[in-house]
Amino acid sequence: MIVVTLIFGAIATFISFIYIEKIMPRLICTLIAGIILLGSVWGVVSNYHGHFGMYKVTTATTQRVYSTDPTGKTQMLLFQPIGTAGKENVYIYAKKAHAKKTSHTKADEYTNNKLTRTTNKKAYLKRTEVRWRYKSAAFKFWFGIAGNNNQLVKRTNRFYVPKTWFVLTVKQAKELKKQMSDQKRQAELKEQATIYVKGKMQAAIAKDPTLMTNTQQQKKLSQQFAAEYQEKAMRELITELK
Amino acid sequence: MSKVKDDKDRSYNLFLLVAILLIGTFCTVLNQTILATALPTLMKAFDVSTSTVQWLTTGFLMVNGVMIPVSAWLSTRFNTKWLYIVAMSIFEVGTIIAWTAPTFSFLLVGRLIQALGVGISMPLLQNIMLSVFPANKRGVAMGMAGVVIGVAPAIGPTLSGFVIDTWHWRDLFGMIIPIVAIVIFLSFFYMKPVLKTTKSALDWLSLTLSTVGFGSLLYGFSSVGDNGWTSTIVLSTLTIGTIVIVLFIWRQLKLDKPFLELRVFSSAEFTIATILSSVVMVAMVGVEMIIPMYLQMIHGMTAFHSGLMLLPGALMMAIMSPITGKTFDRIGARRLAILGLFLLTVGTLPFIMITKQTPVLYIILLYALRMFGIAMVMMPATTAGMNALSIQLISHGTAVNNTVRQIASSIGTAILVSVLANTTKGQMPAKHLLHSVPLEYKVKAINATMTGYHAAFWIAVGFSVVGFGLAFFLSNKNKTMNQSLKNDKGGQA
């Protein structure tokens, strides 16, 4: 609507000031048309400069996020540092479990990312957005055509990540994958794992001799030990990578 | 000189003559800005640097500007019909060379030859329009000329963006060739020697002084953007230019039959009108250049897209120019100019509060409002100035007016660009932030650029306000010094 009044005001000012011959009607009409024009220009300026007719709306959404490892074996959240200072990062996560496609946070001047470690088992992303919105339908009617409704002011992505998760840079993750798929390293790890599980198992049996006969319980424990080792080895590897 | 007017089919002839003139000149003036968005493509095509490729526009504008003062002598010396045909043929040759250019040098040579033609055709159009129409219809006539002079440069960037995206850069030149060929062909039949000529000798010294003086001034001002005001190249060319121009002026005032009649300035009306149209030119050209930069840097638009945003404003000018011309014939320039500059000021003020998120629609709208105002001033003021001169002085008046306007717009552009660049530079964040915290750097850099734009727009507001003040000095009546020319033209309807 503001577009219509501005155009109308401009044309009306032109017609009244130029084509009305008699002085008094000319001045009166020019004054009225001029006020419409100036009012419209004032409206436009205060709309884009001071967000006239708008107010800030804060919305928060929380979603569960999953590991970027499609196999789901390793629980990890990735990030890509943008600058060398490490203050600005883009976080990469999966929206579904075992998802091949990952999502990432926006790298723009409006977005701010934060990371909190929790004792929770699951990882979450809480996205808080502050946007300009028109105060009323009337204001939207007047200025909505400019397309600035819901204009973004600030966006904060806060990741709540379990302490057990790995938070790695993309480079680290790649290196990790490379190391883990290395034949020699794999064989080595397997060997080490067997030794580790064996040792643990012996210790467990020494503690509780009834285990000797309980094969079911043994199997369960050996799986647990294997996983334990896996994580330990991974942590070692990651500290190496850093 | 009266051939156009003496036959029964007079209006028919006049219509075709004007159509040929307008179409032909439109093609030539279009070339002032047609490479604006094509330069990156040409850099790739010929593997040349930015500063080299710029010569295609800088060199063009220099030759163009240098030719304008010469056009006064040419149009009072040579038969108008042949002068127009020769100018258009020179332009055609240049265009063909540019179209087929196998190397960058050929392209540049083609462009410079084109510029020779434009430098003659543009003032010639105004001369002819002022001469073939009776004094009380000059407003409309100049309004039509305004469509060509004001609109062609404005649509150049958009058109070239479109052509390059769709076809090939050679088509920028290729598409003009057949049109100009038809114009030249038709000129043999319908163009008439409408301007009075005398066999005056060319003062070679004046020609040299004018060429060197205006050439180095134009070069100096166009180098400000790249090198800054204090660089040796800018200071030396500006100094040389100024000294040579002073010598040129001194010589013109001494000569009996000067190369360029500067005594046109003895008419106060002409002087004010010339200053006014120059101020408006600065306000127009400067902002015409800065807004696309803003749209590209802040809103991330392509060159073509940003050019497209200016199109409604250019169309506004095309529609309004004949209307204000007609109005001028009735009420004179004063009221039009006062309102026009008021609207220009109102349309420019919002730009000093522009933000990085200002909706593009508002930019288009306010830009169109500015053009609405400019259309009320530019041609009416020029016509008012011309009307204050006698018919013999019109070619000189046009040449002087165009030269001053050309120099003024190059000064204005230089000021705006350097204010933009310096303010931005002063506010720019430390370079090392670009690597350590690039997003923070981006925010700070955008803020710095916005401060630069605000400063540049303040200058544009300044020019608008000065123009608004000057408009009150225009005389109220549309007085024509040369009503007598009606007799000269024979039967007036």
Enumerate the amide H contacts of A:THR169 below 5 Å, restricted to partners 5 or more residues apart or on another chain; note that Pro and chain-start residues carry no placed amide H.
A:PHE79
For region A:35-88 and region B:368-400, write down the distance between their C-alpha centroids in whole Å.
51
In whole angstrom, the spacing between the Cα centers of region A:133-165 and region A:89-124 equals 19
Starting from the amide H of A:ALA94, placed 1.01 Å from N in the peptide plane, find each other amide H under 5 Å away whose residue is 5 or more places distant or on another chain.
A:TYR66, A:THR68, A:SER103
Per-residue average of Cβ from other chains inside 10 Å of A:46-59:
2
Where does helix B:360-387 land angle-wise versus the long Cα axis of chain B, in degrees 0 to 90, nearest 10?
30
Using a probe radius of 1.4 Å on heavy atoms only, what accessible surface per residue do you get for region B:203-258? Whole Å² is fine.
55
What percentages make up the Cα-Cα pair-distance distribution of chain B when the bins are 10 Å wide from 0?
4, 19, 30, 28, 13, 4, 1, 0
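Taking K and R as +1 and D and E as -1, what net charge do the other residues with C-beta under 11 Å from the C-beta of B:ALA101 add up to?
+2
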Quick shape check on region A:24-173: root eigenvalues a ≥ b ≥ c of the Cα gyration tensor, a/c under 1.5 is rounded, otherwise prolate if a/b tops b/c, else oblate, and it reads prolate
If each of B:SER266 and A:ASP182 carries a label point 7 Å out from its Cα toward its Cβ, how far apart are those two points in nm?
9.5
Could you work out the local net charge near B:ILE164, counting Lys and Arg as +1, Asp and Glu as -1, over the other residues with Cβ closer than 15 Å to its Cβ?
0
Packing-ranked peptide list from B:52-59, A:184-191, B:364-371, highest mean Cβ count within 10 angstrom first, is B:364-371, B:52-59, A:184-191
For the peptides A:159-168, B:268-277, B:15-24, what is the packing order when you average, over each peptide's residues, the other Cβ atoms within 10 Å and list the highest mean first?
B:268-277, B:15-24, A:159-168
So what is the relative contact order of chain B, in percent, for Cα pairs below 8 Å that sit 6 or more residues apart?
22
Cα centroid separation - region B:125-145 against region A:14-31, whole Å:
28
Nearest-0.05 FRET efficiency for A:LYS126 and B:SER436, computed from C-beta distance (R0 30 Å)
0.65
Tensor-based shape of the protein assembly as shown (alpha-carbon gyration tensor, a/c under 1.5 rounded, otherwise prolate or oblate):
prolate
Local net charge near B:LYS442, Cβ-Cβ under 14 Å (Lys/Arg +1, Asp/Glu -1)
+1
Distance check, please: which entries in A:LYS121/A:LYS174; A:LYS73/A:LYS171; A:LYS163/A:LYS200; A:LYS95/A:LYS171; A:LYS95/A:LYS190 exceed 29 angstrom between their Cα atoms?
A:LYS95/A:LYS190
Check the straight Cα-Cα distances from B:LYS444 and name the lysines below 22 Å, setting aside those fewer than 8 residues away within the same chain.
A:LYS87, A:LYS106, A:LYS114, A:LYS154, B:LYS356, B:LYS425, B:LYS431
Partners for A:LYS140 among lysines (Cα-Cα distance below 18 Å; same-chain residues under 8 apart left out)
A:LYS56
Quick check: the angle from helix B:80-100's long axis to the longest principal axis of chain B, C-alpha only, nearest 10 degrees?
30
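With n ≥ 4 as the cut-off for DSSP H runs, can you work out [θ] at 222 nm for chain B, using -39500 (n - 2.57) per run divided by the number of residues, rounded to the nearest 500?
The helix-only estimate for chain B comes to -26000 deg cm²/dmol at 222 nm.
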Gyration tensor verdict on region B:41-101 (Cα atoms; rounded if a/c is under 1.5, prolate if a/b is larger than b/c, oblate otherwise)
oblate
Simple spin-label estimate for A:LYS163 and B:SER200 in nanometres, 7 Å along Cα-Cβ
9.6
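The values are calculated or read from the model by the stated rules, or taken from the named source; none is laboratory data. Nothing here was measured: the structure is a model prediction, and the numbers come from that model. Note that each Cβ is placed from the backbone with ideal geometry, even for glycine, and that neighbours are counted across all protein chains shown. Just so you know, the surface numbers come from the protein's heavy atoms only, side chains and all, with ligands and any DNA or RNA stripped out. Shrake-Rupley method; radii C 1.70, N 1.55, O 1.52, S 1.80 Å.
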